[in-house]
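Undergrad: Could you have a look at this structure, given as structure tokens, before my questions?
Throughout, read-outs are computed from the coordinates displayed, never taken from laboratory work. Please read all numbers here as calculations on a predicted model, not as lab measurements. Cβ placement follows ideal geometry from the backbone for every residue including glycine, while neighbour counts extend to all protein chains displayed.
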Amino acid sequence: MLNRKRFALNRIIAPAMGLAEFFKFTASLGLSKVELRNDLPGKSHSEDIIDGLKPAEVYQMAADAGVQIITINALQKFNLPAKRASCLGELEKLLELAAAIHCKAVVLCPNNEAEDKRTPRQKYRDTVEALESYGPLFVQYGIAAYIEALGFGISSLASLPAIVNAIKSSGFGCYRALLDTFHHYIGPDNASIFGMDGMGASYELPYTGLVHISGVEATIPVADYRDAHRVLIGPKDTMHNKEAIQSLDALGYLGIFSFEPFSEAVQKLSPKELATALNASFAYLGVCT
């Protein structure tokens, strides 16, 4: 049975909470890990990742609550050549902050625009070149990078096996894949990448640095699934997250599952309502305290 220590909260779950409240709220649920973001609603500057506080203050607040900051999410469009120079500058700032607050990883998100007319081959080559460019910075700061596959049809990097291949080609050991159950469900990959069809795995699970989880209950075509549909996981989940989480655990994944619901229906819950909803989700998933 999974333990709550294997679960984390991404700050997108309660973007209106101040950091101190968010840390204490997380701890009150028996959890000890959180993810911070640089794209919360109404916040547009890197300083807003920590609400304008000093990094040392944030680290102490987290430590006092018994909470560890596991990622800052995210460096966007990391594999778009036109953004390479600006991404390098932004990345260094993110790494400086991550080091100061004792955060162990920064998330990298690929370009996700319909206007991106590169061929699949070029997108892959650009991804490898980006990883080669960023690798020395991650090594310098001693911080890991979690590369997220976005499953949308317009995404420039949607497949987990492709991420592992790009990591290997880059030659850097600082990289890991971020498996998001929402994006995995809507993207080109399926259970066969884990070898569950008896044909051999094309995705190497040990390369997984983190798993993001959220459910969808909307009765719409899968092609229409968007971030706004992502809620907490319960009996009405159309994406079978409960089975997916259990399968990943059974296959040997030993890392963290982080709740990342973008739906305003979740984000606007009061702390008391959110705690009740999360406890119900844990009960449905069979997670013990």
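Undergrad: Would you mind pulling out the separation of the Cα centroids of the range 269-288 and the range 159-215, in Å?
TA: 28 Å
Undergrad: I've got another one for you. Per 10 Å bin, what is the whole-percent P(r) computed from every C-alpha pair distance within the range 4-285?
TA: Per 10 Å bin, starting at zero, the Cα-Cα P(r) for the range 4-285 comes out as 6, 30, 37, 23, 4, 0 percent.
Undergrad: Another question, then. Taking the DSSP beta bridges in the chain as the whole, what percent of them are antiparallel, to the nearest 5?
TA: Counting DSSP beta bridges with both partners in the chain, the antiparallel share is about 10 percent.
Undergrad: Treating only the Cα positions of the range 192-289 as identical point scatterers, give the base-10 log of I(q)/I(0) from the Debye formula at each q in 0.12, 0.20, 0.21 Å⁻¹.
TA: Debye curve over Cα of the range 192-289, log10 I(q)/I(0) at q = 0.12, 0.20, 0.21 Å⁻¹: -0.45, -1.11, -1.17.
Undergrad: At q = 0.10, 0.15, 0.16, 0.22 Å⁻¹, what is the log10 ratio I(q)/I(0) for the range 1-143, with the Debye formula run over Cα points and no solvent?
TA: Scattering profile of the range 1-143, log10 relative to I(0): -0.38, -0.79, -0.88, -1.31.
Undergrad: Could you tell me the center-to-center distance, by alpha carbons, between the range 1-52 and the range 78-129 in angstrom?
TA: 22 Å
Undergrad: Could I ask something else about it? Quick one: net charge around Lys83, please, counting Lys, Arg +1 and Asp, Glu -1 for every other residue with C-beta under 14 Å from its C-beta.
TA: Once positives and negatives cancel, what remains is -2.
Undergrad: For the range 4-285, give the magnitude of the charge dipole about the Cα centre (Cβ charges: +1 Lys/Arg, -1 Asp/Glu; no others), in debye to the nearest 20.
TA: Computed about the Cα centre, the dipole is about 240 debye.
Undergrad: Picking from Ser155, Tyr207, Asn111, whose Cα lies most toward the positive end of the charge dipole for the range 89-208 (charges on Cβ: Lys, Arg +1; Asp, Glu -1)?
TA: Tyr207
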